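Below is one structure; the comments refer to it alone.
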Amino acid sequence: MSKRLIQIVVALALANVQCTNKTKSYSDLALRTKEEHKEQGFSRKGMAVTTSREFLRSLLNETDGAIVEEFIYKGHKSHRLIRIKQDSIYYKLGLTNLDRIIAIGDDQYHKMNSKQFISKILSRPSTAILFERSGKQFTLKIDLLD
């Protein structure tokens, strides 16, 4: 098999990775970021999020909302999300399985649990999360309300 054919087969296999707690495949969730998500203290429309500090603090006790997997990407250590739970901060932000988090604000992303991730967002009144999905980079803008 050619190297390109193997890459295609692997990509197709990854597209069918199952999410935890649901039987939807990654391909079913690929467009989730375009959806809206609202609940008290939190609103997301596309790539724009407005949330209260109180809402984020209520999530600080959540068990890890996803597994952060380290892997080598273009010769450098990188991190991607897998097994995202549907009640987690990652899911509410519109992130999906296999998204590669690049940076939070001006800081390069490093492996962290959900509590550290939320604390990083809480540390600024406004922040951006740079991530990559299917080879394309996106910026998720988060504004905190007091």
Inset, instruction - Determine ³J(HN,Hα), in whole Hz, for all residues of the stretch 65-80 in sequence, where each value follows from phi through the Karplus function 6.51 cos²θ - 1.76 cosθ + 1.60 and θ = phi - 60°; x replaces Gly and Pro. - result: x, 6, 9, 9, 9, 7, 7, 8, 10, 6, x, 10, 5, 9, 9, 9
Inset, instruction - Name the residues whose placed amide hydrogens come within less than 5 Å of the amide hydrogen of G105, ignoring near sequence neighbours (fewer than 5 apart) on the same chain. - result: A128, I129, L130
Legend entry - Mean separation of Cα contacts under 8 Å (6+ apart) over length of the stretch 32-145, as relative contact order %: 26
Legend entry - Additional length obtainable on full extension of the chain from L130 to D107, 0.36 nm per residue less Cα span: 7.3 nm
Inset, instruction - Could you line up Y90, Y109, Y73 from fewest to most neighbouring Cβ atoms inside 10 Å? - result: Y73, Y109, Y90
Inset, instruction - Between S52 and D87, with labels modelled 7 Å along Cα→Cβ, what's the label distance in nm to one decimal, could you check? - result: 2.0
Legend entry - Shape parameters for the stretch 32-145, alpha-carbon atoms, Rg then Dmax in Å: 13.1, 42
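Can you check what the net charge comes to around Q137, using other residues whose Cβ is under 12 Å from the Cβ of Q137 (Lys, Arg +1; Asp, Glu -1)? List each step's numbers first, then the result.
On the way: positive: R100, R133, K136; negative: D99, E132.
Residues near Q137 contribute +1 overall.
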Inset, instruction - For I72 paired with E36, estimate the spin-label separation in nm (one decimal), with each label point 7 Å from Cα along the Cα-to-Cβ line. - result: 4.6
Inset, instruction - Kindly count the pairs of lysines across the stretch 32-145 whose alpha carbons are less than 15 Å apart, treating pairs on different chains or eight or more residues apart as eligible. - result: 14
Inset, instruction - With θ set to phi - 60°, apply the Karplus curve 6.51 cos²θ - 1.76 cosθ + 1.60 along the stretch 84-100 and write out the HN-Hα couplings as whole Hz, x wherever there is a Gly or Pro. - result: 6, 7, 6, 9, 8, 4, 4, 5, 5, 6, x, 6, 10, 3, 6, 5, 9
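Determine the dipole magnitude for the stretch 73-146: charges of +1 sit on the beta-carbon of Lys and Arg, -1 on that of Asp and Glu, nothing else is charged, the reference point is the Cα centre, and the result goes in debye to the nearest 20. Could the numbers behind the result be given before it?
Working: 14 positive and 7 negative charges, 79 e Å.
That gives the stretch 73-146 a dipole magnitude of about 380 debye.
Any read-out appearing in this document is the output of simple, stated calculations on the displayed coordinates, not a laboratory observation. In this text the structure is predicted, and so the values were computed from the model without any measurement. Glycine gets a Cβ as well: all are built from the backbone with ideal geometry, and neighbour counts include every protein chain shown.
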